[in-house]
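Written below as structure tokens is the structure these notes are about.
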Amino acid sequence: MAAMTDTKHATGVLASERPPEAAGHGWDPAAIRAQFPILSREVNGHPLVYLDNAASSQQPLRVLNRVERYLREEHANVHRGVHRLSAEATEAYEGARRSVAAHAGTRDPAEIVFTRGATEAVNLVASSWGDASIGTGDEIVLTKMEHHSNLVPWQLLAGRTGCKLRFVDVTPEGTLDLDDYDRLLGRRSRLVACTHVSNSLGTVNPVREIVDRAHAAGALTLIDGAQAAPHMLTDVAKIGCDFYAFSSHKMCGPTGVGALWARRELLEEMPPYQGGGEMISEVKLEGSSWAKIPHKFEAGTPNISGVVGFGEAARFLADLGSEAIASHEGALKRAVLGRLREIQGLHLYGPREERGRTAVFSFAYGDVHPHDLSTILDQRGIAIRAGHHCNQPLMDHYGISSTARASFYFYNSPGEIDVLCDGLAMAAEVFGGVA
Ligand code: PMP
């Protein structure tokens, strides 16, 4: 993905917003869907309509088969053994690192640290870089739309160090208030940590601009890419950030695995995050020295099968092509927006226009509780999410406790939009009308 040359695209403008002729050729929706066995199952007697992709995406046969082959034929512990299986497992593990590095847009696989997910990637930075670099009076700038994963680790750091957290406001349209950002940035700012795409609103933040302004103020930047890496070209060099966190299970890979990308110099300077086997160079009773990056940050036996699946997922997405994925999702996004706007009593949170948003739709439906709506739709086989989506401060900002959220991925079809809209109409009838 690093080979792409469109800076705007790399910094948060979706490929779907380019002219249609730029989109991928040979996209066969039925053939793509057929690669995801779970999509052909039924739920409550209806074909599954899976619209909870912002929580976790599904895995194609290619990923399932690769993990199975690893477990059946190649499994051993990595890095230490000289026997054949250990060499094969190590090659599978490090090969996955190269694929994930390519997905993030770096040529240097040592800049990819495998973690349990985006959550652990942020915790790693908060603990390792944060404890070493942050003190009383320092400030960390976050936004009011952060997932708890990119908020609570900084609250814990503030508790340990006495640093202050500042929060960029969100406009009524669900975008970041960049004037407020400018007001908050100052000589005490040490880090700006911001989501690339909001998991509740679908807002695509202008990360290049955010990063440039932070750097001008002398602050480092961490971008939470959990909701961006699955959907758009990710190119950390073009974004210009210092840290980028993302998760495998949102991009067709297994759960419990993700990655932190960080600039090599930072990783080299940062102290280890956890201690144990694999992360050392030499251990004496009096003290130890550390392995080179990235292994310095990967203590203990890692989630090898998960990493192998993550690597296959990255190759799968690369083969589909980020432009084709974004183009197909862009068409879905346009269609969903058009339909949702027509539904009486439905209030959409986040950007109302296509531009600057992804195909994640959070909404209120009259005074129907999102959990009730989700339960009714489930009876029709439709999986949406109801709740605060790990965005409680954002919910507070809107004065609500939860939303219903339908989130699409490239394997969703236009027909599923019809099923969702029929389901909403049915729910309105059940509740005696929605105003
Ligand atoms: N950030 C965002 C924006 C997310 O949507 C999520 C997952 N919902 C996370 C971080 C955390 O990812 P994980 O649970 O895979 O660590």
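Brief remarks on what is shown
- Taking the criterion of being buried (at least 22 other Cβ atoms within 10 Å of the Cβ) and either within 15 Å of the ligand (Cβ to nearest atom) or part of a helix (DSSP H, G or I) (or both), the residues of the range 100-117 that qualify are Val100, Ala101, His103, Ala104, Glu111, Val113, Phe114, Thr115, Gly117.
- Where Leu71 falls short, out of the listed (1) under 26 Å from the mean Cα position of the chain (by Cα); (2) within 30 Å of Ala383 (Cβ to Cβ): (1)
- Within the range 262-269, not a single residue is farther than 18 Å from Arg97 by Cβ, out of contact with any Asp or Glu (no Cβ under 9 Å at 6 or more places or on another chain) and crowded, with 24+ Cβ neighbours inside 10 Å.
- In this structure, Glu173 does not qualify as in a loop (DSSP other than H, G, I, E, B), of a type in the set (D, E, K, R), in contact (Cβ under 8 Å) with a residue 40 or more places away in the chain and within 13 Å of the ligand (Cβ to nearest atom).
- Looking only at the range 136-165, and only at residues there that are open to solvent by 20 Å² or more (accessible area, probe 1.4 Å) and in a loop (DSSP other than H, G, I, E, B), the one that is nearest to Arg352 (Cα to Cα): Lys144
- Residue pairs meeting the criteria (Cβ under 8 Å; at least 6 apart or on separate chains; first in contact (Cβ under 8 Å) with a residue 60 or more places away in the chain and of a type in the set (Ser, Thr, Tyr), in the range 55-67; second in a helix (DSSP H, G or I) and within 16 Å of the ligand (Cβ to nearest atom)): Ser56/His249; Ser56/Lys250; Ser57/His249; Ser57/Lys250
- Meets criteria (within 16 Å of the ligand (Cβ to nearest atom), surrounded by 24 or more Cβ atoms within 10 Å (Cβ to Cβ), more than 22 Å from His388 (Cα to Cα) and not charged (D, E, K, R)) for Val168: no
- Taken over the range 209-238, the criterion of being buried (at least 20 other Cβ atoms within 10 Å of the Cβ), part of a helix (DSSP H, G or I) and touching a residue at least 60 places away in the same chain (Cβ under 8 Å) is satisfied by Ala214, Val236, Lys238.
- So Gly423, is it of a type in the set (Gly, Ala, Ser) and buried (at least 18 other Cβ atoms within 10 Å of the Cβ): yes
- Taking the numbered list (1) more than 14 Å from Pro302 (Cα to Cα); (2) in contact (Cβ under 8 Å) with a residue 60 or more places away in the chain in turn, Ala87 passes all entries but (2).
- Some residue of the range 423-434 being without any contact (Cβ under 8 Å) to a residue 12 or more places away in the chain and acidic (Asp, Glu): yes
- Meets criteria (open to solvent by 60 Å² or more (accessible area, probe 1.4 Å), farther than 22 Å from Asp242 by Cα, of a type in the set (D, E, K, R) and touching a helix residue (DSSP H, G or I) at 6+ places or on another chain (Cβ under 9 Å)) for Arg84: no
- Filter result (more than 21 Å from Asn65 (Cα to Cα) and of a type in the set (A, V, I, L, M)) within the range 77-125: Val82, Ala101, Ala102, Ala104, Ala110, Ile112, Val113, Ala118, Ala121, Val122, Leu124, Val125
- Among residues of the range 239-252 that are at positive phi, none has a beta-carbon under 9 Å from a residue that is open to solvent by 10 Å² or more (accessible area, probe 1.4 Å) and within 8 Å of the ligand (Cβ to nearest atom) at least six positions away or on a different chain.
- Filter result for Ala76 (touching a helix residue (DSSP H, G or I) at 6+ places or on another chain (Cβ under 9 Å), assigned to a loop (DSSP other than H, G, I, E, B) and within 16 Å of the ligand (Cβ to nearest atom)): no
- Matching residues in the range 180-208 - criterion: being assigned to a helix (DSSP H, G or I), out of contact with any Gly (no Cβ under 9 Å at 6 or more places or on another chain) and open to solvent by less than 10 Å² (accessible area, probe 1.4 Å): Tyr181
- Selected residue (criterion: nearest to Ile112 (Cα to Cα)) from residues of the range 222-248 that are within 16 Å of the ligand (Cβ to nearest atom) and at pLDDT below 95: Thr234
- Candidates Ala219, Ala193 - the one that is among the aliphatic types (A, V, I, L, M) and within 16 Å of the ligand (Cβ to nearest atom): Ala193
- Within the range 265-302, the set of residues being under 17 Å from Val122 (Cβ atoms) and in a helix (DSSP H, G or I) comprises Leu266, Leu267, Phe297.
The values are calculated or read from the model by the stated rules, or taken from the named source; none is laboratory data. Note that the structure is a prediction, hence the values are computed from the model and not measured. Cβ atoms come from the backbone with ideal geometry, glycine included; neighbour counts cover every protein chain shown. Quick note on the areas: whole protein, heavy atoms, side chains included, nothing else; ligands and nucleic acids left out. Shrake-Rupley method; radii C 1.70, N 1.55, O 1.52, S 1.80 Å.
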